[in-house]
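I have a structure I would like to understand better, so I am pasting it below and will then ask my questions one at a time.
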Amino acid sequence: MADPLETIIGLFTEHGAREYLGEPVSQLEHALQAARLAVEEDASDPLVVAALLHDIGHLLDDRAAGAGDRGVDERHEDKGDRFLSQYFDNDVTEPIRLHVSAKRYLCAVDNVYLTRLSPASIRSLELQGGPMHRAEVVAFASLPHVDAAVALRLWDDQAKQPGRGVPGLEEYIPYLQRVMMRTIAKR
Ligand code: FE
């Protein structure tokens, strides 16, 4: 198996310059801003890694570029979950798998949240199923890792500021290494 760290870094170097779905930042800038917000809030190592890698599903598939514009929900959260499950445990993969549901959840429980979403995020919300219905809200709120998923979602929404100076990818290599080593030790 190729070195996981190289594989992950390679995805960002190859595809990170792509635009982030109609937002004024690239995929790499978005990932770095999300990870930085997680660090600023003293998130755990796995959650910092989740913030950095939450949209890796967009980088895995060349056809994904511009999918939203074509009216397709390409389920990037599931792609990211499947890919990252090779290397990481649920404390990384579950917040990622749930980060789109967390948007639908927040739209249902927080009136202000919806009004603050970016236009591109509101467009994708429709493709993703719109705000959750009451039964979905109850089911979602009882899932393990729901708090982490909601925290990740809020960083995701803020990580769209053009020109925000944040540390680069190399800053997160020790995080990735620590979390991967722990996963290997457990498996
Ligand atoms: Fe995102």
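The values are calculated or read from the model by the stated rules, or taken from the named source; none is laboratory data. The model shown is predicted, which means the values in this text are computed figures rather than measured ones. Methodologically, a virtual Cβ is constructed for each residue, glycine included, from the backbone with ideal geometry; neighbour enumeration extends over all protein chains shown. Surface areas here come from the heavy atoms of the whole protein model, side chains and all, with no ligands, DNA or RNA. Shrake-Rupley method; radii C 1.70, N 1.55, O 1.52, S 1.80 Å.
Residues are listed down the side, and each one gets a yes or a no for (1) under 27 Å from K186 (Cβ atoms); (2) open to solvent by less than 30 Å² (accessible area, probe 1.4 Å); (3) of a type outside the set (D, E, K, R):
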| residue | (1), (2), (3) |
| --- | --- |
| D91 | yes, no, no |
| R97 | yes, no, no |
| L106 | no, yes, yes |
| Q128 | no, no, yes |
| A139 | no, no, yes |
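Looking at (1) modelled with pLDDT under 95; (2) in a helix (DSSP H, G or I); (3) within 15 Å of the ligand (Cβ to nearest atom), which one does R63 not meet, given that it meets all the others?
The failed condition is (3).
Further, regarding this structure: Report yes if some residue within region 165-180 is among the charged types (D, E, K, R) and not in a helix (DSSP H, G or I); otherwise report no.
No - not one qualifying residue is present in region 165-180.
Sticking with this structure for a sec: From the list D110, D147, which residue is charged (D, E, K, R), open to solvent by 80 Å² or more (accessible area, probe 1.4 Å), more than 16 Å from the ligand (Cβ to nearest atom) and free of Cβ contacts under 8 Å to residues at least 40 places away in the same chain?
D147
Can you name the residue in region 21-60 that is within 14 Å of the ligand (Cβ to nearest atom) and part of a loop (DSSP other than H, G, I, E, B) and, of all such residues, is surrounded by the most Cβ atoms within 10 Å (Cβ to Cβ)?
Here the residue is H54.
I'm trying to understand the selection: among the residues of region 6-20, which are open to solvent by 30 Å² or more (accessible area, probe 1.4 Å) and more than 24 Å from S118 (Cα to Cα)?
Correct list: E6, T7, I9, T13, E14.
Can you name every residue in region 150-163 that is touching an Asp or Glu at 6+ places or on another chain (Cβ under 9 Å), assigned to a helix (DSSP H, G or I) and open to solvent by 20 Å² or more (accessible area, probe 1.4 Å)?
The answer is A151, and nothing else.
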